[in-house]
Structure formats: structure tokens, C-alpha cells
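J.: I have a structure here, written as C-alpha cells, and I will follow up with some questions on it.
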Amino acid sequence: VLYTSANLCVKELSHLGTFQLVLLRSTVSLVLCVLYLQRAGIPLMGNNRKWLVVRGFVGMVGLSGFFHTVKHIPLASATVIQYFSPVFTVLLALLFLKERVHKGQWLFLGLALVGIVMVKGFDPRVSWGMWALGLSSACLAAVAYFATMKCRDTDHPVGVVVWFHMLAVPTMGVLSVGEWVPMAESDWGLALAIGVLSIAAQVLMTVALHNEDAGMVMPFKYLGAVLALAVGWWGYGEHMSTLSLAGMALVVASIVANTVLKARVKSSPVA
């Protein structure tokens with residue numbers, strides 16, 4: 001809900017440049033993170049710095065790609081493509097963290113991929129370039145979540161999140177200089193909302209990944225696809241073809257089934 005609400009604010013600010021949007025989001029979030037860490041007496045630089053830097057860098061690049069797709073294609077399509085990141089996260093957790101994946105989960109993850117292709121194949125407003133950018137952004141988001149899991153036992157969730165913003169603010173500040181668009185008062189309010197909603201969403205997701213397997217946590221992000229579809233349809237007239245809707249439904253249904261299966265066989269041996 002929080003991520004979808006933040007993405008809606010991004011859609012409302014689509015007249016601003018991508019780098020400017022990321023800068024505004026990260027500046028607000030950085031201030032909130034630093035204030036929290038100082039009050040809690042938690043070191044700003046953290047402990048597992050290698051993975052904190054990886055998490056911050058790939059998260060920054062991935063978010064820039066996602067914001068760009070949100071600006072140029074329907075909100076629901078951009079969200080569904082981006083939300084393929086849980087599949088990549090589960091694969092990374094399987095390969096490197098040795099998390100258990102039941103054979104039935106592979107079926108549901110495969111069906112989710114079919115649904116993603118259907119979204120692109122039957123929505124002419126989604127170019128192959130935007131589809132590829134969205135999928136690349138999803139891959140980078142998965143790496144960021146994997147890095148988050150590598151910091152489970154070493155760093156506080158807010159300490160993990162703050163590195164994203166410490167890297168993004170100076171980088172996006174430089175990149176946005178040449179494309180800065182003057183902002184109205186309402187724009188500043190939306191920018192503040194993006195920062196607050198995003199940091200709340202990031203921290204809650206990080207807490208979840210600190211306490212549960214990726215195969216259980218990450219699929220819940222797909223519920224945002226349903227919200228994005230409803231908001232895009234109601235707020236922006238982003239009507240979808242029947243086959244595109246079927247693709248989105250297949251993605252959501254596959255992930256829900258994966259979650260139920262994961263919960264039932266959590267203690268079973270890997271198939």
C-alpha cells in the first residue's frame with residue numbers, strides 16, 4: 001500500500017525529470033533516517049559496509065529506471081513489470097543463501113513470468129524498450145533485497161536503508177542539475193509525500209526480510225499490482241485490454257499460490 005501510494009505521487013509529478021524525482025525522494029528519506037539513527041544511537045555508517053554499499057548503489061539505479069517507466073507507461077503495467085523482482089530475489093536466495101524452494105513454487109514463478117510477458121505483449125503502450133528497462137530495474141531491485149538479507153545479522157533496518165539515500169542524494173543532485181524543472185507549491189507537497197511513504201515502505205520491507213525467508217515475504221509486493229491497476233484505471237483512464245488484465249491476474253494469482261504453498265511446506269525438504 002505504501003509503495004503504491006508513493007508511486008501514485010510519482011505519477012502526479014511526471015512533468016519532473018527522473019533524476020529530480022529520485023533526488024527529492026531521497027533527500028526527504030535521508031533526513032528522516034539520519035534523525036532516527038541519531039536518536040537511537042545507531043552508527044550512521046553501519047557494520048556490513050560492503051553489502052550496504054551494494055544495496056545502496058543498485059537500489060538507486062533500479063529506482064531511477066522504475067521512476068522512468070512510471071512516467072512513460074501506464075502505472076499498472078510499470079508496477080507489474082517491476083514487481084517481477086520477487087522472482088529474482090527468490091532465485092538469489094536459493095543460490096546464495098540456500099533457502100528452500102518447493103518444486104511447486106517453480107511452477108507458480110514460471111506462470112508469473114508468462115503473465116509479465118502477456119502484459120507487454122498485449123498492451124501497445126508498453127514499448128520493448130520500456131519493458132526491458134522495467135525488467136532490468138526489477139533485477140536490480142532483487143539484488144538490493146538480496147543485499148538487505150545479507151545484512152540481517154549485522155545492521156538495523158534503518159541503517160540498511162540509509163545507505164541508499166546517502167549515495168542517491170549526491171549522485172542524483174549532480175545528474176539533475178541539467179534537467180531541473182521549477183516546482184509549484186503542490187509539487188513540493190507531493191515530493192514530501194513520496195519521501196515519507198517510501199521510507200516507511202522501505203523500512204517495513206527491510207524488517208520483513210530480516211525476519212522471514214524471501215520466498216515468503218517478497219511475493220506480497222505483488223498485491224501492489226492490483227492497487228496500481230485500480231488507481232491507473234480510476235485516476236488516469238488507463239484502460240487495459242482483456243488479455244493484459246488476464247496477464248496481471250495470472251501474475252497476482254501465481255504469487256498468492258506461491259505464498260500459500262510456501263507456508264504449507266516450509267518445514268518440508270527441498271524437492
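J.: Here is a list of conditions, (1) open to solvent by less than 40 Å² (accessible area, probe 1.4 Å); (2) out of contact with any His (no Cβ under 9 Å at 6 or more places or on another chain); (3) farther than 19 Å from Ser136 by Cβ, and Gly46 meets all of them except one; can you say which number that is?
T.: (2)
J.: Another question, then. For Thr69, indicate whether it is among the β-branched types (Val, Ile, Thr), surrounded by 19 or more Cβ atoms within 10 Å (Cβ to Cβ), modelled with pLDDT of 85 or more and over 16 Å from Phe164 (Cβ atoms).
T.: In short, yes.
J.: Of all residues in region 126-148, count the ones that are among the polar types (S, T, N, Q), surrounded by 20 or more Cβ atoms within 10 Å (Cβ to Cβ) and either modelled with pLDDT of 90 or more or not in a helix (DSSP H, G or I) (or both).
T.: Residues flagged as among the polar types (S, T, N, Q), surrounded by 20 or more Cβ atoms within 10 Å (Cβ to Cβ) and either modelled with pLDDT of 90 or more or not in a helix (DSSP H, G or I) (or both) within region 126-148 amount to 1.
J.: Which number in (1) open to solvent by 30 Å² or more (accessible area, probe 1.4 Å); (2) not in a helix (DSSP H, G or I) marks the one condition that Phe19 misses?
T.: (2)
J.: How many residues are surrounded by fewer than 21 Cβ atoms within 10 Å (Cβ to Cβ) and modelled with pLDDT under 75 when one looks only at region 110-125?
T.: 4
J.: Condition test on Thr4, is it closer than 27 Å to Gly224 by Cα, open to solvent by 50 Å² or more (accessible area, probe 1.4 Å), out of contact with any Cys (no Cβ under 7 Å at 6 or more places or on another chain) and in a helix (DSSP H, G or I)?
T.: Against the criterion (closer than 27 Å to Gly224 by Cα, open to solvent by 50 Å² or more (accessible area, probe 1.4 Å), out of contact with any Cys (no Cβ under 7 Å at 6 or more places or on another chain) and in a helix (DSSP H, G or I)), Thr4 does not qualify.
J.: Which one of Leu227, Leu243 is touching a Phe, Trp or Tyr at 6+ places or on another chain (Cβ under 6 Å), modelled with pLDDT under 80 and open to solvent by 20 Å² or more (accessible area, probe 1.4 Å)?
T.: Only one candidate qualifies: Leu243.
The values are calculated or read from the model by the stated rules, or taken from the named source; none is laboratory data. All of these numbers come straight from a predicted model, not from anything done at the bench. A quick note on method: Cβ atoms are made from the backbone with ideal geometry, for glycine too, and the neighbour counts reach across all protein chains shown. Accessible surface areas use protein heavy atoms only, side chains included; no ligands, DNA or RNA. Shrake-Rupley method; radii C 1.70, N 1.55, O 1.52, S 1.80 Å.
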